[in-house]
Amino acid sequence: MKKIVTTKQMQSLESDAITSGKSERELQLEAGLAAAQEAWMSVGAMPERGILLLIGPGKNGKDGLIAANQLTKWGATPFVYLLRELNIDDDDWKEYQESEMPYAIATEDTELQRLEFVLNEAALIVDALLGIGMDPEIRPLDENLSEITKRVNQTKENIVKPHILSLDIPTGINADNGYTDPNAVKADSTITFGYAKMGLYCFPGRENVGRIIPVDIGLPSNTRHILPYETLELSELKAFMPERPITAHKGTFGVVTIVGGSLQYPGAIRLAGEAAARSGAGLVQIAAPDHIQALITNGLPDVIHEPLPTTGNSLDTSAAITVLRALDKKKTRALLIGPGLGHTAVTTKFVHSIITSLSERNFLNGVILDADALNILPEIQNWSTNLQTPLIITPHPGEMSRLLGIDIDSIQKNRLETALSYATHINGVVVLKGAGTIIASPDGRARISEFASPVLAKGGTGDILAGIISGLVAQNVEPFEAASLGVYLHADMGRRVAENYGTASGIAQDLLKVMPTSRKMLDGIETSIIDTFGRNSLFPDTIKQDQSEEQFMTDLTHNLD
């Protein structure tokens, strides 16, 4: 996994590097050289192409100035634009002046005419104005700096657009939570020193970052294993996938029991059930009110059903006992509660009865709480205190807001801290959904998904994610890894739906259509476009088993025409 760090963690790593014998100057030179190399490659190693470096007064500006001097040595003709005049005794500034390369100072460029000219001539703009130490939420960009960044961003409207490269983090973005000043630089790529900063992956800042390029600057390699935050990476997630031995039977891959469903939301439990089955679970058992059985059984023959007794349109008082007996009978490994359940006084008592009875069932690998089960929890005092079963909850920001009793904006501004704090509080894994989903473990680890798309902003997509995670838990995947795999798989399904159907037309059911292809990818099984769309399902009567892929595509095109 790619490690990501907070500002405090990065400062601590730099301090440790200096303590172990690396000087601050050496770290700066490494950062400046890396910035120069990326700048050089961005202009295609063509010295005649204009490079503009915007230099601030702090360490970030120092990295940019070192890069400018290095580019000069390679034969480029950089233009340095200083936010304000630098100390005449600064060795790097002296070196740049001695090179007789052009420069200007913002405080002397009162109408910003010089800036406007070089912006329009530049093939590359290097943003080295402010670094990770600045918090634009506390100290917004001032009028002069905002005018510079606005003009930088306006170059994106040029016919020939320059490439905008930010050093460490785009100016105007909080390096910890992604808070973004209205006039923050909109980079095409960001080269980040040592390790990527958390704010680069948090929204809305992520939209201004472009391609993220972490580079080594000589930090101690033995500190990597103690860094608790990371991104989701396919190559490493594959190692957590459950094995599929050829001698297996359905018991090998475990039983998932899903509790939920109501007259108003009969589809939610269906979506979760199919997702759990397609995740690889050996058997899926749906426990839903008996009066909606006809709504969920048709078209879903792969699961078994445990009808829950009802009185009128409400669950009977004996429904919780029925669920517990079903768990015991099938030796359920993963229990998912919530999809389509509804939120009433009866369902509150129902969920409470189940949760308080789980600790004695040691055959459970985990309980997953989603949807209305989460909305019920605030009404149950100390609900997690006596729960010994491994726990995963999957709230979206609104559900997280209800769990904590705080507003959604506060959660969104501090997604990582919120998820980690609550994971510790309940001693369970928290999957805080949304753009840049956070998976937080009670031991302080966290992973973040880079995926964000409106294709998942549809009813039912969360039920599918909960079903996937439950299916993986049933296959003996540890809760933190199951949640990480589920989030990655869900995101990949979203990508495929967006490509095939668009972000507006794609719906939750479409995720299930592409799920087999995404699941095969995680298993390391290569797929082709024919696998994605289904060779034998498109034209089963006309396609022969020995037909070549080339011939199949020819016939496919003919049929579609």
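The values are calculated or read from the model by the stated rules, or taken from the named source; none is laboratory data. Since we're looking at a predicted model, the values are computed, not measured. Glycine gets a Cβ as well: all are built from the backbone with ideal geometry, and neighbour counts include every protein chain shown. Accessible surface is based on the protein model in full, side chains and every heavy atom, while ligands, DNA and RNA are left aside. Shrake-Rupley method; radii C 1.70, N 1.55, O 1.52, S 1.80 Å.
If you filter the stretch 19-29 down to residues that are open to solvent by 70 Å² or more (accessible area, probe 1.4 Å) and part of a helix (DSSP H, G or I), you find that the one that is modelled with the lowest pLDDT is Thr19.
The condition of being aliphatic (A, V, I, L, M), in contact with a strand residue (DSSP E or B) (Cβ under 7 Å, 6 or more places away or on another chain), assigned to a strand (DSSP E or B) and surrounded by fewer than 18 Cβ atoms within 10 Å (Cβ to Cβ) holds for only one of Ile213, Ile286, that being Ile213. Output the residues belonging to the stretch 63-108 that are touching a Pro at 6+ places or on another chain (Cβ under 9 Å) and at positive phi. Hit for the stretch 63-108 is Gly75, nothing else.
For the structure I just gave you, tell me whether Gly460 is closer than 29 Å to Gly261 by Cβ, open to solvent by 10 Å² or more (accessible area, probe 1.4 Å) and modelled with pLDDT of 95 or more. Yes; evaluated as a whole, the condition is true for this residue. Any residue in the stretch 368-386 that is farther than 23 Å from Arg333 by Cα, touching a residue at least 40 places away in the same chain (Cβ under 8 Å) and loosely packed, with under 15 Cβ neighbours inside 10 Å? For the stretch 368-386, residues farther than 23 Å from Arg333 by Cα, touching a residue at least 40 places away in the same chain (Cβ under 8 Å) and loosely packed, with under 15 Cβ neighbours inside 10 Å: absent.
Residues of the stretch 30-78 that are touching a strand residue (DSSP E or B) at 6+ places or on another chain (Cβ under 7 Å), among the polar types (S, T, N, Q) and over 19 Å from Val215 (Cβ atoms): Thr72 alone.
Regarding Leu53, is this residue in contact (Cβ under 8 Å) with a residue 12 or more places away in the chain and open to solvent by less than 10 Å² (accessible area, probe 1.4 Å)? When the stated conditions are applied, Leu53 passes them. Among the residues of the stretch 397-429, those that are open to solvent by 20 Å² or more (accessible area, probe 1.4 Å) and either over 20 Å from Tyr179 (Cβ atoms) or touching a His at 6+ places or on another chain (Cβ under 7 Å) (or both) comprise Arg402, Leu403, Gly405, Thr424, His425, Asn427.
Just one of the numbered conditions (1) under 15 Å from Ala371 (Cβ atoms); (2) of a type outside the set (Ser, Thr, Tyr); (3) crowded, with 23+ Cβ neighbours inside 10 Å is not true of Ile448: (1). Identify, by number, the condition in (1) touching a Lys or Arg at 6+ places or on another chain (Cβ under 8 Å); (2) under 30 Å from Lys8 (Cβ atoms) that Asn365 doesn't meet. Looking at each condition in turn, Asn365 falls short on (2). For the stretch 3-18, give me each residue that is surrounded by 18 or more Cβ atoms within 10 Å (Cβ to Cβ) and small (Gly, Ala, Ser). Across the stretch 3-18, the qualifying residue is only Ala17. Does Arg244 count as touching a residue at least 12 places away in the same chain (Cβ under 8 Å), in a loop (DSSP other than H, G, I, E, B) and not aromatic (Phe, Trp, Tyr)? Considered against the rule, which asks whether it is touching a residue at least 12 places away in the same chain (Cβ under 8 Å), in a loop (DSSP other than H, G, I, E, B) and not aromatic (Phe, Trp, Tyr), Arg244 comes out as yes.
The helices (runs of 4 or more DSSP H) found wholly in the stretch 74-159 and carrying at least 3 residues that are in contact (Cβ under 8 Å) with a residue 40 or more places away in the chain and open to solvent by less than 20 Å² (accessible area, probe 1.4 Å) occupy 143-154. Among the criteria (1) in contact with a helix residue (DSSP H, G or I) (Cβ under 7 Å, 6 or more places away or on another chain); (2) free of Cβ contacts under 8 Å to residues at least 40 places away in the same chain; (3) more than 22 Å from Val477 (Cβ to Cβ), the one Asp302 does not fulfil is (3). Would you check if there is a residue in the stretch 265-274 being surrounded by fewer than 24 Cβ atoms within 10 Å (Cβ to Cβ), touching a residue at least 60 places away in the same chain (Cβ under 8 Å) and under 27 Å from the mean Cα position of the chain (by Cα)? The answer is yes; a qualifying residue exists. Selection of first residues in the stretch 331-350 that are within 15 Å of Ala281 (Cβ to Cβ) and of second residues that are open to solvent by 10 Å² or more (accessible area, probe 1.4 Å) and of a type in the set (S, T, N, Q), restricted to Cβ pairs under 6 Å at least 6 apart or on distinct chains, gives the following pairs, ordered by first then second residue: Arg333/Asn365; Ala334/Asn365. For beta carbons closer than 8 Å, sequence separation of 6+ or different chains, a first residue in the stretch 217-235 that is exposed (fewer than 13 other Cβ atoms within 10 Å of the Cβ) and a second that is modelled with pLDDT of 90 or more, the qualifying pairs are Arg224/Lys3; Leu234/Tyr488; Leu234/Met521; Leu234/Leu522. I'm trying to understand the selection: among the residues of the stretch 289-319, which are part of a strand (DSSP E or B) and under 22 Å from Val346 (Cβ atoms)? Correct list: Pro289, His305, Leu308, Thr310, Thr311, Ser314, Leu315.
Of the residues contained in the stretch 396-419, none is found to be under 27 Å from Leu327 (Cα atoms) and touching a strand residue (DSSP E or B) at 6+ places or on another chain (Cβ under 6 Å). Of all residues in the stretch 351-367, none satisfies the criterion of being without any contact (Cβ under 8 Å) to a residue 24 or more places away in the chain and open to solvent by less than 30 Å² (accessible area, probe 1.4 Å).
Scanning the stretch 160-175 for residues that are open to solvent by 10 Å² or more (accessible area, probe 1.4 Å) and at positive phi gives a single hit, Asp168.
The set of residues in the stretch 497-516 that are assigned to a helix (DSSP H, G or I) and either open to solvent by 20 Å² or more (accessible area, probe 1.4 Å) or closer than 19 Å to Phe240 by Cβ (or both) comprises Ala498, Glu499, Asn500, Tyr501, Gln509, Lys513, Met515, Pro516. Considering the stretch 463-486, and only residues there that are assigned to a loop (DSSP other than H, G, I, E, B) and of a type outside the set (Val, Ile, Thr), the residue that is farthest from Gly251 (Cα to Cα) turns out to be Glu478.
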